[in-house]
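Written below as structure tokens is the structure these notes are about.
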Amino acid sequence: MKRSRGIRALAIQTLLACGAVILAAQADVVTLRGGAVVQGRVLKRTDEKVWVDVGPEVLQFSVGDVEAIELDTPQAPVTSTSDSLFHTVDDPPVLSPREQAKRVGPAVIKVSAPSGLGSGVIINAAGHAITNAHVIQGETTLRATVWLPQADGSLQRAVIEDVEIAAVNNHLDLALLKLAHPEDGEFVFAPIEASERIEQGQVVFAIGNPLGLERTLSQGVISTTQRSFDGLTYIQTDTAINQGNSGGPLFNARGEVVGITNMKLSLFSAESLGFAIPARYVRDFIRNREAFAFDKDNPNSGHKYHPPPPRREFGVAPELVDDGEEDEAAGGG
């Protein structure tokens, strides 16, 4: 068995080195980074490996060695479901971050204000986008940099001056923006994870504008799914996140937004400690956006809840009697 695996590994290394071509009956085409082309049947793909049946053998390739995959029978189109202003998808394909970046990367934007900049993600074709509240806090003049797909496959950079603030939730540190398409077309948007399925160790990647470096992709894993701060829970990840990533998306291997990066919670003296607002908070904010509608005449508008008074004694929280006063027998709180 070890000898067989060694021979197979040597064969793959030879493919990578000399750009050979393996042909099989099926016509799925896997192009490797070294120039080699493998034709066979793609049996399975994950965020780490690709398995290709070439007849007498099933070859396994690392995603990092694969340049492109063309399927003979195209995958069924991903079904998109609209919920309020955002979209979810049914059974999207698992692809490498490089492949997913081609699909959902154009949905990531740069949000600029006179006081600084951050990132954001477009959530529907009409141009609604999510970012952090602290990115736009106190601002009324915003611009967004977007990347529009062209017919030749390239992306055209464009700056949108007409950016409307639709809603702001300071408690969750989320803001909803509305962009006007410069060509009166539809935007590329990213789907939001329909239900929380994240796991510790799961591969994720972020796209944003750290320190103003546009369209930067970084990859990592989920370190903890439930990290608590001030009564809220956040996704902790070792994905490289820096100033300017704030408000940008954290994607899973299916190209879904599982979180919105939040630099206010980052520890600048530490390494590999990034945090993101979970998608469930994002969905709830969008669905209840009218409660957080932005007033352009008052840039500090939006519901901002003050922290409750601290407890002074141990024990069970006090109960309320029928007349609305605290039951002294229950103890003070």
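Derivation of every value follows stated rules applied to the coordinates shown; laboratory data play no part. From a predicted model like this one, the values you see are computed outputs, not experimental measurements. Every residue, glycine among them, receives a Cβ derived from its backbone with ideal geometry; neighbour counts consider all protein chains shown.
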**Asked** Mind ordering 158-169, 122-133 by average Cβ neighbours within 10 Å, highest first?
**Response** 122-133, 158-169
**Request:** Please give the per residue volume of the convex hull enclosing the alpha carbon atoms of region 84-202, rounded to a whole number of Å³.
**Result:** 140 Å³
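For the residues THR216, THR237, what sequence is obtained by ranking on other C-beta atoms within 10 Å, fewest first? Mind showing how you got there, number by number?
On the way: THR216 19, THR237 30.
Least to most surrounded, the residues fall as THR216, THR237.
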**Asked** Over region 203-287, how many percent of alpha carbon pairs lie in each 5 Å bin up to the one with the longest distance?
**Response** 3, 16, 29, 27, 17, 7, 1, 0
**Prompt:** Could you give the distance between the Cα centres of region 174-194 and region 48-67, to the whole Å?
**Reply:** 36 Å
**Asked** Can you run phi through the Karplus equation (6.51, -1.76, 1.60; θ = phi - 60°) for region 116-130 and list ³J(HN,Hα) in whole Hz, with x for Gly and Pro?
**Response** x, 9, x, 10, x, 9, 7, 10, 7, 5, 6, x, 6, 9, 10
**Asked** Rounded, prolate or oblate: which fits region 148-302 when a ≥ b ≥ c are the square roots of the eigenvalues of the alpha-carbon gyration tensor, with rounded for a/c under 1.5 and prolate only if a/b beats b/c?
**Response** oblate
**Asked** In cubic angstrom, how much convex hull volume per residue do the alpha carbon atoms of region 135-211 span?
**Response** 176 Å³
**Request:** Mind listing the long-range amide H neighbours of VAL257? Cut-off is under 5 Å, sequence gap 5 or more, other chains count too, H placed in the peptide plane at 1.01 Å from N.
**Result:** ILE192, GLU193
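Using 0.36 nm times the number of residues separating SER115 and GLU271, minus their current alpha carbon distance, what extension gain do you get?
Length difference between fully extended and current span is 53.5 nm.
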**Asked** In debye to the nearest 20, how big a dipole does region 27-134 give about its Cα centre with +1 on each Lys and Arg Cβ and -1 on each Asp and Glu Cβ?
**Response** 400 debye
**Item:** Nitroxide proxy distance, nm - points 7 Å out along Cα→Cβ at ASP297 and LEU71
**Value:** 5.4 nm
**Message:** So, R0 is 41 Å and r is the distance between the beta-carbons of HIS171 and GLN150; what FRET efficiency does that work out to, to 0.05?
**Reply:** 0.55
